[in-house]
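Engineer: Sharing a structure, written as structure tokens. Questions coming.
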Amino acid sequence: MKKDLLTITDMTGDEIGELFELTEKIKRERGKSDFKPLSGKSIGLIFAKSSTRTRVSFEVGVTELGGNPLYLDQSKMQVGRGETVPDTAKVLSRFLHGIVIRTFAHKDVEELAANASIPVINALTDEYHPCQILTDLFTMREYCGKVEGLKLVFYGDGRSNIANSFVNAAKRIPFELVIAAPEEFRPREDFIRGYSNISWDPDPIRAGRDADFLYTDVWVSMGFEKESAERLKVFQPYQVNDAVVKVCKPTVKFMHCLPAHRGQEVSASVMDSPISIVFDEAENRLHTQKALMSMLIR
């Protein structure tokens, strides 16, 4: 039976642990191993949104695993001209061995997976970004030896794809997640209810106290450009800067899924400081996604 990754809750805590063990091995042995589980397999990479890290890491990852990556611009596919998602899924299932998709509506990814007979990996939708957060958790584990018991504070839109995926992650692994966000962008109460390790705090300084990791994302994500002026204003108090860092643990690390806008969601003094591990985090996209594909695409 095929297995998809549409959100982190598609994986159990044990499966996430297995993913991290394999990621560590793949990273350590890169360029030294004949591990080619995708040999003879073709993986379709459907992209409706512009991309740097996601596209490059998946294309390189498929290649290094011995497979053939096919970049598919969604606007140039027939689905962009009215072909249904189910029809597209059924056709691609006859050609490919797996699909990676980065698009807008999460329901389109769900529909694609429901109609495809091959594994589907969500590489980003407006609602969820599971590959990024799995990478982030692995990076936390790399620096601290574990994820359990750590405190991560996310600053910004509490209903973004990053925040939603961190919430899903905290439902699988017992780390403390605090979302520092204004009232109008707080996480949905029904989404976090019943989990004592997940909370919302409108006070950015209080939220950061004793944090092990600080995390933020752009304030205006793709598809939300019309809200730019409002977002830049309302999120200003939630910038990750030196005042926030001062209340954290002395060993605190800063993370960002990139691209970063210095002077908006993060100050240059934090982004370019020794506590910033954003480029280690970015590199780990490659290793984590290689492990993920090798687990799902058989």
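The values are calculated or read from the model by the stated rules, or taken from the named source; none is laboratory data. Please read these numbers as outputs of a predicted model, since none were measured by experiment. Ideal geometry is used to build each Cβ from the backbone, glycine not excepted, and the neighbour counts take in all protein chains shown.
Yes or no, residue by residue, for (1) without any contact (Cβ under 8 Å) to a residue 12 or more places away in the chain; (2) in a helix (DSSP H, G or I); (3) closer than 14 Å to PHE20 by Cα:
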{"residue": "PHE138", "(1), (2), (3)": "no, yes, yes"}
{"residue": "ARG141", "(1), (2), (3)": "no, yes, yes"}
{"residue": "GLY149", "(1), (2), (3)": "no, no, no"}
{"residue": "VAL153", "(1), (2), (3)": "no, no, no"}
{"residue": "ARG159", "(1), (2), (3)": "no, no, no"}
{"residue": "ALA163", "(1), (2), (3)": "no, yes, no"}
{"residue": "PHE166", "(1), (2), (3)": "no, yes, no"}
{"residue": "ALA169", "(1), (2), (3)": "no, yes, yes"}
{"residue": "PRO174", "(1), (2), (3)": "no, no, no"}
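Engineer: What about THR251, is it surrounded by fewer than 17 Cβ atoms within 10 Å (Cβ to Cβ) and either β-branched (Val, Ile, Thr) or within 15 Å of the chain's Cα centre (by Cα) (or both)?
Structural biologist: yes
Engineer: Looking at region 136-164, which of its residues are hydroxyl-bearing (Ser, Thr, Tyr) and closer than 21 Å to GLN264 by Cβ?
Structural biologist: Residues satisfying the conditions are TYR155, SER160.
Engineer: Suppose the filter is farther than 21 Å from ILE26 by Cβ, in a loop (DSSP other than H, G, I, E, B) and acidic (Asp, Glu); does ASP126 pass it?
Structural biologist: yes
Engineer: Please determine, by comparing only the residues of region 222-242 that are of a type in the set (S, T, N, Q) and either modelled with pLDDT of 95 or more or buried (at least 17 other Cβ atoms within 10 Å of the Cβ) (or both), which one is farthest from LYS49 (Cα to Cα). Full working, then the answer.
Structural biologist: Residues of region 222-242 of a type in the set (S, T, N, Q): 228, 236, 239, 241.
Narrowing further to those that are either modelled with pLDDT of 95 or more or buried (at least 17 other Cβ atoms within 10 Å of the Cβ) (or both): 236, 239, 241.
Details: GLN236: 26, GLN239: 26, ASN241: 29 Å.
Step by step, filter region 222-242, then rank; the result is ASN241.
Engineer: Just checking, does region 94-112 include any residue being hydrophobic (A, V, I, L, M, F, W, C), surrounded by fewer than 17 Cβ atoms within 10 Å (Cβ to Cβ), in contact with a Gly (Cβ under 7 Å, 6 or more places away or on another chain) and closer than 25 Å to GLU283 by Cα?
Structural biologist: Within region 94-112, one or more residues are hydrophobic (A, V, I, L, M, F, W, C), surrounded by fewer than 17 Cβ atoms within 10 Å (Cβ to Cβ), in contact with a Gly (Cβ under 7 Å, 6 or more places away or on another chain) and closer than 25 Å to GLU283 by Cα.
Engineer: If you check THR12 against the conditions, is it touching a helix residue (DSSP H, G or I) at 6+ places or on another chain (Cβ under 8 Å) and of a type outside the set (Phe, Trp, Tyr)?
Structural biologist: No, not satisfied.
Engineer: If I filter region 104-120 for residues that are among the polar types (S, T, N, Q) and in the same structural domain as ARG53 (by TED's automatic domain parsing), do I get at least one hit?
Structural biologist: yes
Engineer: Does SER57 qualify as being of a type in the set (Ser, Thr, Tyr), assigned to a loop (DSSP other than H, G, I, E, B) and over 19 Å from ALA113 (Cα atoms)?
Structural biologist: no
Engineer: List every residue pair whose Cβ atoms sit under 7 Å apart, with the two residues 6 or more apart in sequence or on different chains, where the first one lies in region 255-267 and is in the same structural domain as THR54 (by TED's automatic domain parsing) and the second, anywhere, is of a type in the set (D, E, K, R) and assigned to a loop (DSSP other than H, G, I, E, B).
Structural biologist: Note: no pairs meet the criteria.
Engineer: Still on this structure: For VAL79, indicate whether it is without any contact (Cβ under 8 Å) to a residue 60 or more places away in the chain, of a type in the set (A, V, I, L, M) and either outside the structural domain of VAL120 (by TED's automatic domain parsing) or surrounded by 14 or more Cβ atoms within 10 Å (Cβ to Cβ) (or both).
Structural biologist: Values: without any contact (Cβ under 8 Å) to a residue 60 or more places away in the chain: yes; of a type in the set (A, V, I, L, M): yes; either outside the structural domain of VAL120 (by TED's automatic domain parsing) or surrounded by 14 or more Cβ atoms within 10 Å (Cβ to Cβ) (or both): yes.
Answer is yes for this residue.
Engineer: For ALA207, state whether it is small (Gly, Ala, Ser), buried (at least 19 other Cβ atoms within 10 Å of the Cβ) and not in a strand (DSSP E or B). Break it down stepwise before answering.
Structural biologist: Values: small (Gly, Ala, Ser): yes; buried (at least 19 other Cβ atoms within 10 Å of the Cβ): yes; not in a strand (DSSP E or B): yes.
Here the answer is yes, as ALA207 does meet what is asked.
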